[in-house]
Amino acid sequence: MAARILIVEDNAANLELVRYLLAFSGYTVMQARDGVQGVEIAMKERPDLIICDLQMPLLDGYQVLARLRENPIGAKFAVVAVTAFSMPNDRQMVMTAGFDGYLSKPIEPEKFVEQIEAYLPARLRAPPRTTDL
Ligand code: MN
């Protein structure tokens, strides 16, 4: 069965792009527009994967991760950071914080789903689309 994926992202255009790409590929997508809502939905819905922006109001991505990790259930969630920061040590900071993965913006629509699927076990990947309409 295809994964249920939560997107936590305050930028409407990025949120819509990511939502569209994942939904088109067959994933069930949930969305949150800030960190507080992100933690709330994550704990309620227990998604298979969380894609989390770093720069957000209320709680940033690092704070969202910390809130999740302090809970025994949230500690097990797979959380991938998506960030516009492009400093060379970003990846290291993100991985040190305890994220499961890291993608940098801008999102590349043709590669994005494949990049995300690398963080999903095979059983949670959507079957490939067989027709291009
Ligand atoms: Mn942001």
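Quick notes on this one:
- Within straight-line cross-link reach of Lys44, lysines at Cα separation under 25 Å, skipping those fewer than 8 residues along the same chain: Lys76
- Selected from Leu58, Ala84, Ala2, residue furthest toward positive end of dipole (segment 1-104; charges at beta carbon): Ala2
- The angle separating the long axis of helix 35-45 from the principal Cα axis of greatest extent in the chain is about 60 degrees.
- Per-pair calculated FRET efficiency, R0 = 25 Å: Thr96 and Thr28 via Cβ, rounded to 0.05: 0.25
- Size of charge dipole - the chain - debye, nearest 20, with Cβ of Lys, Arg +1 and Asp, Glu -1, no other charges: 400
- The phi torsions of segment 74-82, fed into the Karplus equation with coefficients 6.51, -1.76 and 1.60 and a -60° offset, translate into couplings of x, 4, 8, 5, 8, 10, 10, 7, 10 Hz, rounded to whole numbers, with Gly and Pro shown as x.
- Helix 12-24 axis versus longest C-alpha principal axis of the chain: approximately 40°, rounded to the nearest ten.
- Sparsely packed GluC sites (Glu not before Pro) within segment 1-96, loop by DSSP, other Cβ within 10 Å at most 11: Glu70
- Tail fraction, Cα-Cα pairs, the chain, threshold 18 Å, whole percent: 50
- In this label model, Asn71 and Arg46 are separated by 1.1 nm, measuring between points 7 Å along each Cα→Cβ vector.
- In loop segments of segment 40-92 as defined by DSSP, the chymotrypsin sites (Phe, Trp or Tyr not before Pro) with at most 15 further C-beta atoms inside 10 Å of their C-beta are Phe85.
None of the figures in this text is laboratory data; all of them are computed from the coordinates on show. From a predicted model like this one, the values you see are computed outputs, not experimental measurements. As a convention, Cβ positions derive from the backbone with ideal geometry for all residues, glycine included, and neighbour counts pool all protein chains shown.
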